[in-house]
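Structure first, commentary second.
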Amino acid sequence: MNGSLILEEKLRLANDIYFSLYKKLKQWAAAVWDETTVVHEQVKHGIGHSDKIALYAGIILQNQLQTGTLNAEELFLLDAAIYLHDIGMQTGWKESLDINGSKGELTKEERFRIRKNHAETSAFVIRSWQNQLPASLDRELPPVEKDLLCRDFNEPLAFTCQCHNRPDIAAYLDTELNQNHRSRDRGFNIALPA
(Lines give C-alpha, C1' and ligand atoms only; values in the text may rest on other atoms or scores of the structure.)
Protein backbone atom coordinates (compact mmCIF):
# COMPACT_ATOMS: atom_id res chain seq x y z
CA MET A 1 0.00 0.00 0.00
CA ASN A 2 1.24 3.49 -0.85
CA GLY A 3 2.63 4.99 2.37
CA SER A 4 0.69 8.23 1.98
CA LEU A 5 -2.61 6.33 1.91
CA ILE A 6 -2.05 4.14 4.96
CA LEU A 7 -3.79 6.35 7.53
CA GLU A 8 -6.57 7.43 5.19
CA GLU A 9 -7.32 3.88 4.07
CA LYS A 10 -7.35 2.59 7.64
CA LEU A 11 -9.77 5.32 8.66
CA ARG A 12 -12.00 4.59 5.65
CA LEU A 13 -12.22 0.95 6.70
CA ALA A 14 -12.68 1.80 10.38
CA ASN A 15 -15.62 4.21 10.34
CA ASP A 16 -17.66 5.71 7.47
CA ILE A 17 -18.83 8.78 9.40
CA TYR A 18 -15.37 9.69 10.73
CA PHE A 19 -13.90 9.15 7.26
CA SER A 20 -16.52 11.38 5.63
CA LEU A 21 -15.92 14.14 8.18
CA TYR A 22 -12.15 13.87 7.80
CA LYS A 23 -12.38 14.10 3.99
CA LYS A 24 -14.50 17.25 4.25
CA LEU A 25 -12.06 18.81 6.73
CA LYS A 26 -9.19 17.96 4.39
CA GLN A 27 -11.01 19.49 1.40
CA TRP A 28 -11.81 22.62 3.42
CA ALA A 29 -8.16 22.95 4.47
CA ALA A 30 -7.02 22.57 0.86
CA ALA A 31 -9.45 25.30 -0.23
CA VAL A 32 -8.19 27.66 2.47
CA TRP A 33 -4.57 27.17 1.40
CA ASP A 34 -5.41 27.59 -2.28
CA GLU A 35 -7.52 30.67 -1.70
CA THR A 36 -4.79 32.82 -0.20
CA THR A 37 -1.16 32.63 0.81
CA VAL A 38 -0.28 34.53 3.95
CA VAL A 39 3.02 33.14 5.23
CA HIS A 40 5.27 30.87 3.21
CA GLU A 41 8.66 32.28 4.11
CA GLN A 42 10.42 29.20 5.48
CA VAL A 43 8.43 26.01 5.08
CA LYS A 44 5.38 25.80 2.83
CA HIS A 45 2.78 24.78 5.38
CA GLY A 46 0.05 23.90 2.91
CA ILE A 47 -1.51 20.64 1.82
CA GLY A 48 1.78 19.32 0.43
CA HIS A 49 3.34 19.72 3.88
CA SER A 50 0.45 17.82 5.45
CA ASP A 51 0.63 15.10 2.78
CA LYS A 52 4.27 14.51 3.71
CA ILE A 53 3.37 14.25 7.40
CA ALA A 54 0.62 11.75 6.53
CA LEU A 55 3.14 9.72 4.55
CA TYR A 56 5.72 9.63 7.35
CA ALA A 57 3.12 9.09 10.10
CA GLY A 58 1.69 6.16 8.15
CA ILE A 59 5.13 4.60 7.83
CA ILE A 60 6.05 5.20 11.48
CA LEU A 61 2.72 3.84 12.74
CA GLN A 62 2.44 0.94 10.29
CA ASN A 63 2.87 -1.74 12.97
CA GLN A 64 0.22 -0.19 15.22
CA LEU A 65 -2.13 0.17 12.26
CA GLN A 66 -1.67 -3.47 11.24
CA THR A 67 -2.29 -4.74 14.75
CA GLY A 68 -5.31 -2.48 15.29
CA THR A 69 -3.70 -0.62 18.19
CA LEU A 70 -5.18 2.66 16.96
CA ASN A 71 -8.97 2.78 17.04
CA ALA A 72 -11.26 4.79 14.75
CA GLU A 73 -11.31 7.84 17.02
CA GLU A 74 -7.52 7.93 17.23
CA LEU A 75 -7.22 7.56 13.47
CA PHE A 76 -9.71 10.38 12.90
CA LEU A 77 -7.96 12.69 15.36
CA LEU A 78 -4.58 11.95 13.82
CA ASP A 79 -5.76 12.38 10.22
CA ALA A 80 -7.71 15.56 10.93
CA ALA A 81 -4.86 17.11 12.94
CA ILE A 82 -2.40 16.40 10.14
CA TYR A 83 -4.42 18.60 7.80
CA LEU A 84 -5.47 21.26 10.32
CA HIS A 85 -2.45 21.73 12.59
CA ASP A 86 -1.04 24.64 10.56
CA ILE A 87 -4.35 26.16 9.48
CA GLY A 88 -3.68 29.10 11.80
CA MET A 89 -1.08 30.23 9.27
CA GLN A 90 -3.91 31.00 6.86
CA THR A 91 -7.13 31.68 8.71
CA GLY A 92 -8.10 33.36 11.95
CA TRP A 93 -4.83 35.25 12.13
CA LYS A 94 -6.41 38.71 12.09
CA GLU A 95 -8.71 37.93 15.02
CA SER A 96 -6.03 36.17 17.01
CA LEU A 97 -3.15 38.56 16.43
CA ASP A 98 -5.05 41.85 15.96
CA ILE A 99 -3.25 42.68 12.73
CA ASN A 100 -4.56 45.61 10.73
CA GLY A 101 -4.56 45.89 6.97
CA SER A 102 -5.09 43.44 4.16
CA LYS A 103 -3.21 40.18 3.66
CA GLY A 104 -1.10 41.79 0.97
CA GLU A 105 0.11 44.48 3.39
CA LEU A 106 1.62 42.28 6.09
CA THR A 107 5.05 43.38 7.24
CA LYS A 108 7.90 40.96 7.87
CA GLU A 109 7.34 41.40 11.62
CA GLU A 110 3.63 40.58 11.29
CA ARG A 111 4.40 37.47 9.25
CA PHE A 112 6.90 36.43 11.92
CA ARG A 113 4.24 36.85 14.62
CA ILE A 114 1.83 34.70 12.62
CA ARG A 115 4.42 31.94 12.25
CA LYS A 116 5.43 32.14 15.90
CA ASN A 117 1.86 31.85 17.16
CA HIS A 118 0.36 29.65 14.45
CA ALA A 119 -0.21 26.59 16.68
CA GLU A 120 -2.27 28.65 19.11
CA THR A 121 -4.09 30.30 16.21
CA SER A 122 -4.91 26.89 14.71
CA ALA A 123 -6.46 25.89 18.04
CA PHE A 124 -8.32 29.22 18.23
CA VAL A 125 -9.83 28.66 14.78
CA ILE A 126 -10.95 25.10 15.59
CA ARG A 127 -12.39 26.05 19.00
CA SER A 128 -14.43 28.79 17.33
CA TRP A 129 -16.27 26.04 15.44
CA GLN A 130 -18.15 25.19 18.64
CA ASN A 131 -20.12 28.40 18.05
CA GLN A 132 -19.89 28.94 14.31
CA LEU A 133 -18.51 26.77 11.53
CA PRO A 134 -17.04 28.45 8.44
CA ALA A 135 -19.89 28.82 5.91
CA SER A 136 -18.19 26.67 3.26
CA LEU A 137 -17.70 23.85 5.79
CA ASP A 138 -21.11 24.25 7.42
CA ARG A 139 -22.86 23.61 4.09
CA GLU A 140 -21.02 20.31 3.66
CA LEU A 141 -21.72 18.68 7.02
CA PRO A 142 -24.88 16.72 7.92
CA PRO A 143 -26.08 17.06 11.52
CA VAL A 144 -24.27 13.95 12.79
CA GLU A 145 -20.93 15.22 11.46
CA LYS A 146 -21.49 18.71 12.86
CA ASP A 147 -22.24 17.15 16.23
CA LEU A 148 -19.05 15.09 16.18
CA LEU A 149 -16.89 18.02 15.13
CA CYS A 150 -18.40 20.67 17.39
CA ARG A 151 -19.11 18.57 20.47
CA ASP A 152 -17.07 15.37 20.59
CA PHE A 153 -13.86 16.21 18.74
CA ASN A 154 -13.61 19.99 18.92
CA GLU A 155 -11.45 20.27 22.03
CA PRO A 156 -9.26 17.19 21.45
CA LEU A 157 -8.58 18.36 17.89
CA ALA A 158 -7.87 21.96 18.95
CA PHE A 159 -5.63 20.74 21.78
CA THR A 160 -3.68 18.44 19.45
CA CYS A 161 -3.11 21.26 16.94
CA GLN A 162 -2.14 23.66 19.72
CA CYS A 163 0.54 21.27 20.98
CA HIS A 164 1.97 20.13 17.66
CA ASN A 165 5.19 22.10 17.83
CA ARG A 166 5.91 21.66 21.54
CA PRO A 167 9.00 19.63 22.38
CA ASP A 168 7.63 19.11 25.91
CA ILE A 169 4.44 17.37 24.74
CA ALA A 170 5.07 14.54 27.21
CA ALA A 171 4.14 17.00 29.96
CA TYR A 172 0.57 16.96 28.63
CA LEU A 173 0.09 13.23 29.08
CA ASP A 174 -1.26 13.64 32.60
CA THR A 175 -3.33 16.77 32.08
CA GLU A 176 -6.92 16.88 33.28
CA LEU A 177 -8.13 17.26 29.69
CA ASN A 178 -6.31 14.12 28.65
CA GLN A 179 -7.58 12.16 31.65
CA ASN A 180 -11.16 13.29 31.09
CA HIS A 181 -11.19 11.91 27.59
CA ARG A 182 -9.55 8.66 28.66
CA SER A 183 -11.95 8.21 31.56
CA ARG A 184 -14.93 8.24 29.19
CA ASP A 185 -13.59 5.05 27.57
CA ARG A 186 -13.02 6.97 24.37
CA GLY A 187 -9.82 4.99 23.97
CA PHE A 188 -7.44 7.63 22.75
CA ASN A 189 -4.68 9.55 24.42
CA ILE A 190 -5.27 13.02 22.97
CA ALA A 191 -1.69 14.21 23.57
CA LEU A 192 -0.14 11.36 21.60
CA PRO A 193 -0.83 12.54 18.02
CA ALA A 194 0.75 15.95 18.62
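In nm, to one decimal, how far is the Asn15 label point from the Lys52 one, both placed 7 Å along Cα→Cβ?
Between Asn15 and Lys52, the simple spin-label model gives 3.0 nm.
May I ask for the net charge around Leu84, where only other residues with Cβ less than 14 Å from the Cβ of Leu84 are counted and Lys, Arg are +1 while Asp, Glu are -1?
Surrounding charge for Leu84 is -1.
Determine the order of Arg115, Arg127 by accessible area, beginning with the largest, at a probe radius of 1.4 Å.
Arg127, Arg115
Can you give the local net charge around Pro143? Use residues other than it whose beta-carbon is closer than 14 angstrom to its beta-carbon, Lys and Arg +1, Asp and Glu -1.
-1
The values are calculated or read from the model by the stated rules, or taken from the named source; none is laboratory data. Values in this document were obtained by computation on a predicted structure and should not be read as measured data. In this analysis, Cβ positions are derived from the backbone assuming ideal geometry, glycine residues included, and neighbour counts consider all displayed protein chains. Side chains included, ligands, DNA and RNA excluded: accessible areas come from the protein's heavy atoms. Shrake-Rupley method; radii C 1.70, N 1.55, O 1.52, S 1.80 Å.
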